[in-house]
Every structure is written in structure tokens, then in C-alpha cells.
1. Mind counting the residues in the range 26-67 that are under 13 Å from the mean Cα position of the chain (by Cα) and hydroxyl-bearing (Ser, Thr, Tyr)?
2. Only residues in the range 12-34 that are free of Cβ contacts under 8 Å to residues at least 40 places away in the same chain count as the first member; pair them with residues that are open to solvent by less than 50 Å² (accessible area, probe 1.4 Å) and of a type in the set (Ser, Thr, Tyr), Cβ under 6 angstrom, at least 6 apart or cross-chain, and list the lot.
Amino acid sequence: MVNWTLQVQDQQGQVKRTITGSGMVPSAIPFDGRDDVGQPLAEGSYRAVLTLTYSNGNTPTADSANFLLRNTPPSATVSVPAAVFSPGSSDARSVVTFDQTTSPED
């Protein structure tokens, strides 16, 4: 094998990122969700196309299954319903209850 090219394409088949190398394809190719100029890609469905180039001129390709790119970070909120906390008191202010809300994750 002479070299390889991995292209990340959007749903319309437009190439958004190209990663190349020479020799054997590594077992893992990092993809950071950015295009060729370093800008974050839009969230959505993409696929990868791997093209190999052999010294005899053969250029087989393999397409990945579609994958979903998500670049929105998870969110979380923690709140305390009571404004006063009094440890050791005999009323309900001696216990603090936290409410937690998080974004849905797969």
C-alpha cells in the first residue's frame, strides 16, 4: 500500500474533512469534529470514506455507516430550594436537599 485517504462527508456527499497518510492505515484515526480549516462541523449525520492506493494502481474504497456528530456540551444545574442552612437546628433547616437537572445523554 502506498497511501490512504479518509474523507468525512456530510449527507450531501460534500467532503468536509480529509485526513491522509502513507503506508499502512493505522488501527485508529482520530477525528476531532472539525473541517479542513479547523472550524467545528455542524451537528448532524456524516459518513467516512476510506480510499487505499496500492503500488499496482488499485484504489479500493470502503464507506462507514453514518455517524451522528454532536458538539453541544452536556449541561447540568444544581440548586438548593432553601436559602437558609442551619446545621444542628431542630427544624427542617438542618438538612440540605439538592435538586439536579441534566441534559439528556445517549
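1. Residues that pass the stated criteria total 2.
2. 20/5
Yes/no matrix, rows are residues, columns are (1) more than 21 Å from residue 105 (Cα to Cα); (2) surrounded by 11 or more Cβ atoms within 10 Å (Cβ to Cβ):
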| residue | (1), (2) |
| --- | --- |
| 2 | yes, yes |
| 17 | yes, yes |
| 28 | yes, no |
| 33 | no, yes |
| 42 | no, yes |
| 54 | yes, yes |
| 57 | yes, no |
| 64 | yes, yes |
| 68 | no, no |
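The values are calculated or read from the model by the stated rules, or taken from the named source; none is laboratory data. These numbers were taken from a predicted model, which means no experiment stands behind them. Cβ coordinates were reconstructed from backbone atoms using ideal geometry, including for glycine residues, and neighbour counts include every protein chain displayed. Heavy atoms of the whole protein, side chains included, go into the accessibility calculation; ligands, DNA and RNA do not. Shrake-Rupley method; radii C 1.70, N 1.55, O 1.52, S 1.80 Å.
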